[in-house]
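Please read the structure below before turning to the comments.
The values are calculated or read from the model by the stated rules, or taken from the named source; none is laboratory data. Note that the structure is a prediction, hence the values are computed from the model and not measured. Neighbour counts are summed over all protein chains in view; Cβ atoms, including those assigned to glycine, are modelled from backbone coordinates with ideal geometry.
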Amino acid sequence: MLRCLLILTLLAAPLAAEYESNFGRVILANCDVILQGVASATRAKVGTSSKVQVTVETVLYGKEAKTEIVVFYADPDVLKKDEAVRGMFALKRLADGGYNLVGRPVLTPDADPEESDKLRVARKFIALEDQPAGDERTEDFWNLLLDGIDLGGYAAQNAAVELMYVAKDRGGIITEERFEEVLKARETADKRFTKQTREDLKLACQGLVEAQVKSLKFRRVRRSETPKDKRSAADELMDLQKDYTRAFTEEDAKLCDALVDISEDDVLTEKLKKLARAIRSEIKIREAEERNKNAGK
């Protein structure tokens with residue numbers, strides 16, 4: 001849910017096949033309750049942890065009948081000092097009836113213009129993970145991400161981080177059609193993004209290209225039945241290389257070389273040679289930048 005939480009945990013969390021989303025495997029897999037409430041301004045130290053009383057407003061996931069609960073957390077910077085904090089809290093129940101905080105709260109201060117979007121995103125992902133695993137749930141997951149991008153704001157921010165997770169651990173669900181849907185939604189909703197979300201979505205799309213999209217297009221170059229289809233795939237690869245240069249490596253240039261060796265289509269051959277040159281040129285630029293950066297240290 002929270003961008004910084006998900007990015008920090010993206011690499012650390014183990015892949016749990018029973019969960020569709022990163023929210024599921026990072027948050028739901030590790031908590032018993034998700035609620036909206038207000039953490040009091042008074043804090044107490046308990047060993048290496050801090051303790052705070054939370055007034056419960058709404059329970060979004062799990063069960064909690066009390067209106068006042070005690071929450072422990074290890075990172076003192078999670079909650080602002082000497083200030084009441086309203087937000088959504090993911091909690092792991094303790095034997096004594098208290099809770100440990102899971103991750104960071106999603107803040108929903110009074111008059112927060114994005115509060116309804118934050119609650120909507122949480123409820124949507126909770127409902128998603130309650131569905132049986134399978135193709136239908138995966139399709140719903142993808143549509144949920146597209147809806148988030150289209151809404152902009154917090155929902156788009158959340159979708160961008162979820163797409164990073166897809167690129168890292170769920171390459172098998174990426175298709176060319178789904179990638180095109182993301183690009184279209186991203187272009188349509190661009191004015192509704194923050195600068196950070198815009199950057200995150202570009203990074204996520206680069207990840208999708210690197211994880212699967214370029215491989216699918218190379219496969220079409222190899223296996224399409226007509227020269228026209230093969231040339232089209234080569235053109236699409238060139239467009240991707242221009243937009244996401246860092247998604248292409250020397251191995252991709254070598255693959256172009258190999259496809260040139262077996263090609264009997266002069267037009268396709270030239271396209272693949274051009275792509276290989278472009279990839280290698282960008283690699284040289286990146287290597288030079290890295291050398292200059294290291295030399296300046």
What helices (runs of 4 or more DSSP H) lie completely within the range 186-297 and have 2 or more residues being within 30 Å of residue 155 (Cβ to Cβ)?
195-208, 214-223, 227-243
Taking the range 40-58 and keeping only residues that are on the phi < 0 side of the Ramachandran plot and either part of a helix (DSSP H, G or I) or of a type outside the set (Ser, Thr, Tyr) (or both), one is left with 41, 43, 44, 45, 46, 51, 52, 53, 54, 56, 57
Contacts under 9 angstrom Cβ, first residue in the range 32-60 being in contact (Cβ under 8 Å) with a residue 60 or more places away in the chain, partner surrounded by fewer than 19 Cβ atoms within 10 Å (Cβ to Cβ) and hydroxyl-bearing (Ser, Thr, Tyr), 6 or more apart
36/58; 39/55
How many residues, within the range 121-152, are hydrophobic (A, V, I, L, M, F, W, C) and farther than 18 Å from residue 25 by Cβ?
3
Checked against (1) part of a strand (DSSP E or B); (2) within 24 Å of the chain's Cα centre (by Cα), residue 37 satisfies every condition except (2)
Mind checking which residues of the range 199-211 are surrounded by 14 or more Cβ atoms within 10 Å (Cβ to Cβ) and either modelled with pLDDT under 95 or not polar (S, T, N, Q) (or both)?
200, 201, 202, 203, 204, 205, 207, 208, 209, 210, 211
Considering each of 133, 155 in turn, give the residue that is more than 16 Å from residue 205 (Cβ to Cβ), surrounded by fewer than 18 Cβ atoms within 10 Å (Cβ to Cβ) and in contact (Cβ under 8 Å) with a residue 24 or more places away in the chain.
133
For the range 178-208, the count of residues that are closer than 25 Å to residue 25 by Cβ and of a type outside the set (Gly, Ala, Ser) equals 15
Just checking, which of 177, 162 is closer than 15 Å to residue 22 by Cβ and among the charged types (D, E, K, R)?
162
Are any of the residues in the range 78-89 farther than 30 Å from residue 220 by Cα, modelled with pLDDT under 95 and β-branched (Val, Ile, Thr)?
yes
Evaluation of residue 164 against (1) in contact with a Cys (Cβ under 9 Å, 6 or more places away or on another chain); (2) touching a residue at least 60 places away in the same chain (Cβ under 8 Å); (3) outside the structural domain of residue 88 (by TED's automatic domain parsing); (4) not aromatic (Phe, Trp, Tyr) (one fails), failing number:
(1)
When residue 92 is evaluated against the numbered criteria (1) touching a residue at least 60 places away in the same chain (Cβ under 8 Å); (2) surrounded by 16 or more Cβ atoms within 10 Å (Cβ to Cβ); (3) farther than 27 Å from residue 192 by Cβ, which criterion, by number, is the only one it fails?
(2)
Given the condition at pLDDT 95 or above, of a type in the set (Ser, Thr, Tyr), crowded, with 17+ Cβ neighbours inside 10 Å and in contact with a Cys (Cβ under 8 Å, 6 or more places away or on another chain), answer yes or no: does some residue in the range 49-61 qualify?
yes
Among 82, 77, the single one that is assigned to a helix (DSSP H, G or I) and surrounded by fewer than 17 Cβ atoms within 10 Å (Cβ to Cβ) is 77
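Let's see how each residue does on (1) of a type in the set (D, E, K, R); (2) more than 27 Å from residue 200 (Cβ to Cβ); (3) surrounded by 10 or more Cβ atoms within 10 Å (Cβ to Cβ):
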{"site": "224", "(1), (2), (3)": "no, yes, yes"}
{"site": "234", "(1), (2), (3)": "no, yes, yes"}
{"site": "241", "(1), (2), (3)": "no, no, yes"}
{"site": "277", "(1), (2), (3)": "yes, yes, yes"}
{"site": "296", "(1), (2), (3)": "no, yes, no"}
